[in-house]
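A quick write-up on the structure given underneath.
The values are calculated or read from the model by the stated rules, or taken from the named source; none is laboratory data. In this text the structure is predicted, and so the values were computed from the model without any measurement. So basically every Cβ, Gly included, is an ideal-geometry build from the backbone, and we count neighbours across all protein chains shown.
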Amino acid sequence: MIQNLALPRRHAKNRSGENLIRTGSMIIAAILIVSILAPWLSRWSPTEIDFAAFLTGPTASHLLGTDGNGMDIWSRIVHGARLDLGIGLTSVLFSVVIGGTFGGVVGYLGGWIEAVAMRITDIMQAFPPFILALTVSAMFGRDFIHLIFAIGLVYMPAYIRLMRSEIRTVRERAFIEAAECAGNSTTRLLFRHLFPNAMRPLLVIAPLNCGWAMLTLAGLSFLGLGVPIPQAEWGAMISAGAVDVVGGRWWTSVFPGAALFISVLGFNLIGEGLLERTNLRR
């Protein structure tokens with residue numbers, strides 16, 4: 001009887017998780033499509049200056065107005081989506097691949113190698129994430145590759161710890177012992193048996209980290225350590241328009257801020273939906 005009552009609740013939670021994933025995926029897919037079609041969705045280049053329209057509000061010629069340099073805000077938002085999504089997704093992929101692989105290897109080997117690796121991870125996690133990204137960005141520069149490295153490094157310790165923990169759990173299962181007895185090499189055990197069965201938690205938190213990575217990039221750009229001007233990037237646009245908001249020209253910051261908010265919301269919905277589905281399976 002109790003089990004029968006629990007089934008509807010379980011199905012309701014499952015539907016809730018699927019709805020969250022579906023909604024978040026639709027948001028991110030829409031932003032990706034807009035970023036791909038950016039050259040055809042705006043008549044203005046993201047760095048083109050309209051000398052007849054400085055800090056003008058939304059008009060037929062400039063859908064979302066112009067900034068203090070006479071650049072079209074709509075064009076800069078849709079073109080900036082490529083950069084923000086590209087760096088956000090790539091930095092998290094970098095964290096998952098490098099951090100997951102490293103954590104899996106040290107978790108399998110154990111001993112002093114694991115102890116040293118975990119102490120290094122502890123040192124990295126002792127720094128506030130944004131301060132660590134700020135320091136790395138200031139040291140190595142603001143080009144595309146270095147920004148990916150700086151942001152990816154921030155989230156890497158979490159994947160190292162999570163994969164290490166999962167590997168230590170999975171390696172105790174019977175099928176791993178059977179694979180070891182069958183004479184499989186360490187490399188084959190890791191990449192054929194251990195990693196595929198330990199990746200699920202990493203894939204659950206990865207969408208959440210994508211949103212946080214975009215916020216980190218926006219924060220770096222806001223402080224002048226992110227994407228260099230005049231490239232179109234949402235954080236840099238918010239920073240450049242912050243002074244204009246005080247003077248009543250709100251569109252210079254509100255619209256890029258809204259684009260950032262919607263993107264992060266989409267990734268968070270996907271992450272929360274995956275988290276609900278994972279909890280139901282336990």
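Does the range 125-140 contain at least one residue that is closer than 30 Å to L83 by Cα, of a type in the set (F, W, Y) and in contact (Cβ under 8 Å) with a residue 60 or more places away in the chain?
Yes, the range 125-140 contains at least one residue that is closer than 30 Å to L83 by Cα, of a type in the set (F, W, Y) and in contact (Cβ under 8 Å) with a residue 60 or more places away in the chain.
Return the total of residues in the range 225-251 being of a type outside the set (S, T, N, Q) and closer than 17 Å to E48 by Cβ.
So the count comes out to 7.
Taking S95 as the residue in question, decide whether it is within 30 Å of G80 (Cα to Cα), touching a Ser or Thr at 6+ places or on another chain (Cβ under 9 Å) and among the polar types (S, T, N, Q).
Numbers: within 30 Å of G80 (Cα to Cα): yes; touching a Ser or Thr at 6+ places or on another chain (Cβ under 9 Å): no; among the polar types (S, T, N, Q): yes.
Considered against the rule, which asks whether it is within 30 Å of G80 (Cα to Cα), touching a Ser or Thr at 6+ places or on another chain (Cβ under 9 Å) and among the polar types (S, T, N, Q), S95 comes out as no.
Would you pick out the residues in the range 245-277 that are hydroxyl-bearing (S, T, Y) and either exposed (fewer than 15 other Cβ atoms within 10 Å of the Cβ) or at pLDDT 95 or above (or both)?
The one that is hydroxyl-bearing (S, T, Y) and either exposed (fewer than 15 other Cβ atoms within 10 Å of the Cβ) or at pLDDT 95 or above (or both): S263.
Any idea how many residues of the range 106-127 are polar (S, T, N, Q) and modelled with pLDDT of 90 or more?
Residues flagged as polar (S, T, N, Q) and modelled with pLDDT of 90 or more within the range 106-127 amount to 1.
Which of the residues that make up the range 129-141 are farther than 21 Å from P207 by Cβ, surrounded by fewer than 17 Cβ atoms within 10 Å (Cβ to Cβ) and either touching a helix residue (DSSP H, G or I) at 6+ places or on another chain (Cβ under 9 Å) or small (G, A, S) (or both)? Quick ask: steps written out before the conclusion?
Start the filter on the range 129-141 by keeping residues that are farther than 21 Å from P207 by Cβ, which leaves 131-132, 134-141.
Still in the running and surrounded by fewer than 17 Cβ atoms within 10 Å (Cβ to Cβ): 131, 135, 138-141.
Those that are farther than 21 Å from P207 by Cβ, surrounded by fewer than 17 Cβ atoms within 10 Å (Cβ to Cβ) and either touching a helix residue (DSSP H, G or I) at 6+ places or on another chain (Cβ under 9 Å) or small (G, A, S) (or both): T135, A138, M139, F140, G141.
May I ask you to say which residue of I49, I77 is of a type in the set (A, V, I, L, M, F, W, C), surrounded by 22 or more Cβ atoms within 10 Å (Cβ to Cβ) and farther than 30 Å from H193 by Cβ?
Just a single option satisfies the conditions, and that option is I77.
So, in the range 203-253, exactly how many residues are more than 19 Å from the chain's Cα centre (by Cα) and outside any helix (DSSP H, G or I)?
Going through the range 203-253 one residue at a time, the tally reaches 10.
Name the pairs whose Cβ atoms lie under 8 Å apart, with the first residue in the range 21-36 and within 15 Å of D84 (Cβ to Cβ), the second of a type in the set (S, T, N, Q) and in a helix (DSSP H, G or I), and 6 or more positions between them or separate chains?
Final answer for the pair search is I27/S263; I28/S263; I31/S263.
Any residue in the range 88-105 that's modelled with pLDDT under 95: show its pairings with residues that are of a type in the set (F, W, Y) and surrounded by fewer than 24 Cβ atoms within 10 Å (Cβ to Cβ) at Cβ separation under 6 Å, as long as the two are six or more apart or on different chains.
What qualifies is G104/F195.
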